[in-house]
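Below is one structure; the comments refer to it alone.
Nothing in this text is a laboratory measurement; each read-out follows from the coordinates by a stated rule. On a predicted model such as this, the values are computed, not experimentally measured, just so you know. Note: ideal-geometry Cβ built from the backbone for every residue, glycine included; neighbour counts use all protein chains shown.
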Amino acid sequence: MENESEATHDPTVGRDCAPNDSRQKGKDVKTKNVWYRATVTLIAAALVASACGSDSSGSAGDDASSETSTSDVTGDTSSDDSDSPVTDDGDAEVGSTYRIGIAVSATGPASGLGAPEQATFQLIEEQVTADGGVTGPDGILHPVEFVFLDNETNPDAAASSMSRLITEDAVDIVLGGTTSGNSLAMLPIATENETPFVSLASAGSIVRDPESGEVRRWIFKTVHINDNVAELVASYVGARGSSSVCYLAENTGYGQDVLNTASAAFDAAGLEIAFSDVFEREETEFPQTVSIGAAGCDTVVIGSLMPAAVNANAALLDALPDVEVIHTSGICNGGFLSLDPTVVEGVTATCPKLLVPPDSLPDDDPQKSVLSSYRDAYEQFSGEPVNSFGGHAWDAGQWALLALGSLEDGLEGAERRAAIRDALESEVDGFVGTGGVFTLSADDHVGIVDTKTALTTVRVVDGAFAPLPESDWAN
């Protein structure tokens, strides 16, 4: 999912530790050796409860028992410390260093996505620093080194970042991309160099070749695909009894994918899109409102990041005040709510459950504890409200640590990267994350078991995202 908000967001606000300035620009990269070992942290303690289920007598608790325990990722990565090899002075035996490459849009038009993603990776890094290292199944402890680069919301810079992380920094896995365009520019380099890449963007073509239909062997992503969004929007529109729907989308890889997936979903639902068009992300004038009015649409779906999403919303409100406006998941952060609150009040959107208050979720929801714990930790760490983009980064970071924690000592270079790729497909099994419940496989590199764990409908009420359950869609 993609979005943008204030470019001035500072992910270090509210932190006790000094910021690493090198993380803001890839050209000045510095790295930090960190260790990841088993201790119970703020998030780990609450996530254990999520993995075990809130009620052992209920169906949700039974389901949760078969899901990957997130304590295996954020807490204990070894089965028994007493079995760990130790040196003569009693310390755990230390193996080779693992390296995780991070390339997000810390600056540029999509910094509203990239800043919370980067802050989340810094949160993970800080926890790793405090807690130790990744302990493999052989009991050997491995240092973990994070390398941060800024792709500047530019596909060329994103491709350069991927190349640098692989060829110069020799990372074992890359996380990031932020936008679909950036990710699509990065994936050929990851594939050519046989390096696993976990994208934080939404286009389905990131993980599956649209021409051959084949899964891209080295590419994964933690974000739902736009097909899921389109299907949810079509269901909502059908329940509302809309007579005519129009679509507006930004003229980017993300926007084009929104339009393509909407066309397929609406056809499958027996619904028609009466008019569709694209606009530039920085656009402030929207002459398309004339065509929308002529088409007689009573519902308009906007697929865009900020600020154009709000600008388009404002234009529709001025020209066609009786039209219902729905936003796709490109706006799921606080910037959408704060840019012009009067414009977005009352609109509907499709967003991950992380955006709604945790206490609005039922106790048997398998994600409730994860969502609540991540929200608390992120807001305490960054001093900023939680949003779904940081959540996708959290899931990606946990996948990476889960894969690294499954490796035997002695793997290096291409053999290690291949083992990480294989581990993602085998170890991410029933993983409870902020963006869904995931099971990866050779045929599915997104792995969302049930779309309802990844997306929900929300409505802006009194300047906040409020849950909009399916039972209320017709109201």
Q. Based on the Cβ-Cβ distance from residue 338 to residue 429, what FRET efficiency comes out when R0 is 35 Å, to the nearest 0.05?
A. 0.35
Q: Evaluate E = 1/(1 + (r/R0)^6) for residue 470 and residue 412, where r is the Cβ-Cβ distance and R0 equals 56 Å; express this FRET efficiency to the nearest 0.05.
A: 0.65
(Q) Just to verify a number: FRET efficiency for residue 235 and residue 380, C-beta to C-beta distance, R0 = 41 Å, to 0.05? (A) 0.65
Q. What ranking do 462, 429 get, fewest neighbouring Cβ atoms within 10 angstrom at the top?
A. 462, 429
Q) Using the scaling law 2.2 N^0.38 Å as the reference, what is the normalised Cα Rg of the stretch 359-475? A) 1.28
**Q.** Pairwise label distance in nanometres, residue 284 with residue 214, each label 7 Å out on the Cα-Cβ vector
**A.** 4.8
Q) Which GluC sites (Glu not before Pro) from the stretch 127-203 combine a DSSP loop assignment with at most 12 other Cβ atoms within 10 Å? A) 168
Q | the stretch 358-475: relative contact order as a whole-number percent, Cα under 8 Å and 6+ apart | A | 18
Q: Please give, to one decimal in nm, the separation of the simple spin-label points placed at residue 242 and residue 451, each 7 Å out from Cα toward the Cβ.
A: 1.4
Q. Expressed in nm to one decimal, what extension gain is obtained for the pair residue 138 and residue 163 from 0.36 nm per residue of sequence separation less their Cα-Cα distance?
A. 5.8 nm
Q: On a C-alpha basis, how far is the centre of the stretch 148-185 from the centre of the stretch 340-382 in Å? Whole number, if you could?
A: 29
Q: Return 212, 304 ranked ascending by Cβ neighbour count within 10 Å, so the fewest neighbours appear first.
A: 212, 304
